[in-house]
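Report on the following structure.
Any read-out appearing in this document is the output of simple, stated calculations on the displayed coordinates, not a laboratory observation. Note that this is a predicted model, so its numbers are computed, not measured. When we count neighbours, we look across all protein chains shown, and the Cβ atoms used for this are built from the backbone with ideal geometry, even at glycine.
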Amino acid sequence: MDIKMIDISQQHSIISYQRTVCHSMSRSGGESGKKPKYVEIMDYIRSEILSGRLAPDQKLPSESDLMRRFGVSRIVAVNALTRLTEAGLIYRL
């Protein structure tokens, strides 16, 4: 399954979502303050989109690529991608 970034003409909505998610997720890191891995993946993909390194309709790293890069299980990679899809930042084909 290919995963691609949505062409977003209203960048302010991405930034608003990013602030909301980062704020709410920062509390889920527990006492150690370390971010959950799925949040690290989301932050990575979001930063690639916002920086322009990922262009609209460009293919994103696969679940397997994310698993290797972040040392996580498939469920963690899928969780991050699902949350980004639900937020409207990416879509799946």
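A full extension of the chain between LYS34 and ASP65 corresponds to an added length of 8.9 nm, given 0.36 nm per residue minus the alpha carbon distance. Between TYR44 and ARG74, the modelled labels are 1.8 nm apart [label points 7 Å from Cα along Cα→Cβ].
With the cut-off at under 16 Å, measuring from each backbone N in segment 45-69 to a point 7 Å along the Cα-to-Cβ line of LEU93 picks out 55-63.
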